[in-house]
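Below: one structure, written as structure tokens.
The values are calculated or read from the model by the stated rules, or taken from the named source; none is laboratory data. Because the structure is predicted, anything quoted here is derived from the model rather than measured. Cβ sites come from the backbone with ideal geometry, for glycine too, and all protein chains shown count toward neighbours. What goes into the accessible areas is simple: the full protein's heavy atoms, side chains included, and nothing from ligands, DNA or RNA. Shrake-Rupley method; radii C 1.70, N 1.55, O 1.52, S 1.80 Å.
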Amino acid sequence: PVAATGEEPAGTEASGLWEQLDQQNFADDYRTMLQDALQETETISLEQAESHLDVKQLQLVHKQLRLAGNLQNRQEYFLPMYLGDQLAGVHLTLQQGTGETSAVDIRVDAGDEQLEAHLQVNGEHIEGYLVGNTPEEVTKLEKTSDIFLEWIQTDTSADWKAEKLSVVSSRDMTRMAAGETQNAESRADAAQLYRLAKGFLQAVADSSGK
């Protein structure tokens with residue numbers, strides 16, 4: 001919802017907010033971004049109420065932004081992100097369940113290009129898979145997977161262990177999801193999940209020629 005209009009919702013700084021995922025002030029900055037976007041939408045709605053602009057569309061965006069604010073309490077975020085010159089929308093969900101594998105789900109929508117990452121933290125091990133819709137996207141994700149693995153192996157913030165993540169086409173996603181791990185050795189720290197999400201998005205940006 002945050003990037004639904006195809007424009008940055010709160011100035012040029014918003015598109016770099018994903019780079020602060022591992023910072024303590026991320027939640028506050030994200031909340032500020034949504035509040036700024038809400039205020040801007042309300043102002044435009046009032047100014048253009050009698051013009052040709054589609055006020056109903058603005059009202060829809062307004063509702064989406066409020067929903068995004070509510071979802072933040074469940075560690076679910078909508079972020080803008082530049083991939084090269086293309087502005088993309090990122091849907092990030094972090095899951096921490098007692099006795100369950102901690103997970104990071106990421107969906108990136110860059111118009112004609114979409115990708116998904118389903119990551120799991122099971123003790124020290126990072127598992128999961130990446131999903132592309134087209135052969136071109138799958139090929140690109142192979143590079144993303146290589147970059148992400150290198151980041152995991154060189155990151156000193158946690159003693160993670162991983163192998164290169166599998167890359168599949170969307171039609172194989174059901175089969176991959178059926179084989180996901182259900183039990184975890186330990187519950188991952190929230191800060192680790194945020195850092196893991198940032199590391200993957202950095203790999204996406206690097207493989208897109210940022």
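In table form, for the structure just shown:
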| item | result |
| --- | --- |
| Qualifying residue in the stretch 106-113 (condition: under 14 Å from Gln192 (Cα atoms), in contact with a helix residue (DSSP H, G or I) (Cβ under 7 Å, 6 or more places away or on another chain), of a type in the set (Val, Ile, Thr) and touching a residue at least 24 places away in the same chain (Cβ under 8 Å)) | no |
| First in the stretch 191-208 and among the hydroxyl-bearing types (Ser, Thr, Tyr), second anywhere and open to solvent by less than 10 Å² (accessible area, probe 1.4 Å), Cβ under 8 Å, 6 or more apart | Tyr194/Leu21; Tyr194/Phe26; Tyr194/Leu94; Ser207/Leu141; Ser207/Thr144 |
| Residue list for the stretch 18-36, filter: open to solvent by 10 Å² or more (accessible area, probe 1.4 Å), outside any loop (DSSP other than H, G, I, E, B) and modelled with pLDDT of 85 or more | Glu19, Gln20 |
| Residues of the stretch 148-165 classified as open to solvent by 40 Å² or more (accessible area, probe 1.4 Å) and assigned to a helix (DSSP H, G or I), total | 4 |
| The stretch 114-137: number of residues that are open to solvent by 30 Å² or more (accessible area, probe 1.4 Å) and out of contact with any helix residue (DSSP H, G or I) (no Cβ under 6 Å at 6 or more places or on another chain) | 8 |
